[in-house]
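Below: the structure, in structure tokens.
Computed from the coordinates by the stated procedures, all read-outs in this text should not be read as laboratory data. It should be emphasised that the depicted structure is a prediction, and the values quoted were computed from it without experimental measurement. Positions of Cβ are backbone-derived with ideal geometry, glycine not excepted, and every protein chain shown enters the neighbour counts.
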Amino acid sequence: MFNPCSRAMKLLACVCGLALVACALALENGLMRTPPMGWLAWERFRCNTDCKIDPQNCISERLFMDMADRLADDGWKELGYVYVNIDDCWMAKQRDASGQLVPDPERFPRGIKALADYVHSRGLKMGIYGDLGTYTCGGYPGTTLDQIEQDALTFAHWGVDMLKLDGCYSSEDEQAQGYPRMTKALNVTGRPIAYSCSWPAYQGGLPPKVNYTLLGNICNLWRNYGDIQDSWDSVLAILDWYSENQDVLQAVAGPGHWNDPDMLIIGNFGLSFEQSRSQMALWTVLAAPLLMSNDLRTLSQSAKEILQNKLMIKINQDPLGIQGRMILKEKSHIEVFLRPLSHSASALVFFSRRTDMPYRYTTSLARLNFTENAVYEAQDVYSGNIISGLAPEHNFTIIVNPSGVVMWYLYPTMYLEQPLNFVRQQSSMKGFHPLVL
Ligand code: GLA
């Protein structure tokens, strides 16, 4: 999202319609240099609006205040989980007399501004949902092209920090006009509002229909595939699509602009312990947003440990912001994923698609394309164990559980000027002193 113009110039260009087209079209809000982290209501709480029958779980200010409290009090915020994001079904069924979006008065009696104030008072950020089209996917008022500027101003006035703009009930042409227009409208508000675009998901997610260069300039993140459901099949379908299209997708992610494979469902009902660990590890190598959709009030200790793994989060939040990819698909149904990290480190995920028993997988770093003449050390991200003295050509064996992962944080500990064998052969010779850097 490089933009040669200052914020002030950009605003001028946007407001006055000057010929600085690149500036006028760029979202340079400086946000999300690493993937966003937080909580998003949709997968777990859907469009449950019946607060009479289900007051604890309906889409209401109470739900979001509860989640804000949990994020602030249970150690999430300090780890980076700061977004409290509303999804669909928060609105009243009609706009007000001035055409402004309004929240459902019974479920949000104090309004969104008061809710955002509360979220901010807890040291967190507030996200909201809109839909470019006549209706939201759940049938609430949408944002048509002529309402974009008004809605952006409303969100800014309420103190919103992030907008997810869905794309139900709009045409391809309206989306092509509307998504960039919302970028401009958000810029003009002067409030930094992160912008999540569902546009590519409505256009098949791939070029030539999807222009990722443009998206990288106008959105901080984008959904490009179907909705996650509370099932392992759903996680696998998303992962497979990401792997099949990784040449396209890897290249377009980076600081400020991310692919979004959708929410983390860890802590819900559909994933086993191993599968939960797998979703976390795989989303982390994909440099995906870590937006949980679960019930933080009742989360199990094991789910919490997976989601709060510090080394995992450090990897997800690596400042280089390079998305990882699948580098090997073995006949044994082990898949290996690699994400390059800063300080010459890497994240490796050994993922088992097997359904029989823990599998003993033997490989070497050389087979995984580590050709540097170096010795490596790895930290197992889940067990914390350190594995030292890994030379590229040496075989090692790990045990990967069915639908589970072994994940390593790998880094060189020593670079050798000469190949190890050469050093070993020569070092016994009189007067020869190998240089080991
Ligand atoms: C679409 C989106 C989901 C969610 C729902 C809400 O399906 O892809 O993430 O926002 O709409 O209705």
Convex hull projection area averaged over all views, the chain, Cα basis, nm²:
24.2
Given a Förster distance of 56 angstrom, what is the FRET efficiency for Y415 paired with T298, based on the Cβ-Cβ distance and rounded to 0.05?
0.70
What angle, in degrees between 0 and 90 and rounded to the nearest 10, separates the Cα long axis of helix 61-73 from the longest principal axis of the Cα atoms of the chain?
30
Positive dipole terminus of segment 325-415, leading residue within F351, N369, S383 (C-beta point charges)
F351
Order these by the 10 Å Cβ neighbour count, fewest first: H257, H394.
H394, H257
Can you sort I53, I238, I334, I399 so the residue with the fewest Cβ neighbours within 10 Å comes first?
I53, I399, I334, I238
Counting only C-alpha contacts under 8 Å and six or more residues apart, can you give the relative contact order of the chain as a whole percent?
13
Gain in span if fully extended, D230 to D247, counting 0.36 nm per residue against the direct Cα distance:
3.4 nm
Lys, Arg +1 and Asp, Glu -1 on Cβ, resulting dipole of the chain about Cα centre, debye, nearest 20:
920
Per-pair calculated FRET efficiency, R0 = 51 Å: D69 and T371 via Cβ, rounded to 0.05:
0.50
Given only helices, namely DSSP H runs of n ≥ 4 each adding -39500 (n - 2.57), what is the per-residue ellipticity at 222 nm of the chain, to the nearest 500 deg cm²/dmol?
-9000 deg cm²/dmol
Cross-link reach list, lysines versus K314, counting only Cα pairs under 18 Å and skipping chain neighbours closer than eight places:
K77, K304
Which residue fluctuates most in the GNM of the chain (Cα springs below 10 Å): L27, L79, L341?
L79
Quick one: order S272, S342, S403, S293 by neighbouring beta-carbon count within 10 Å, fewest to most.
S342, S272, S403, S293
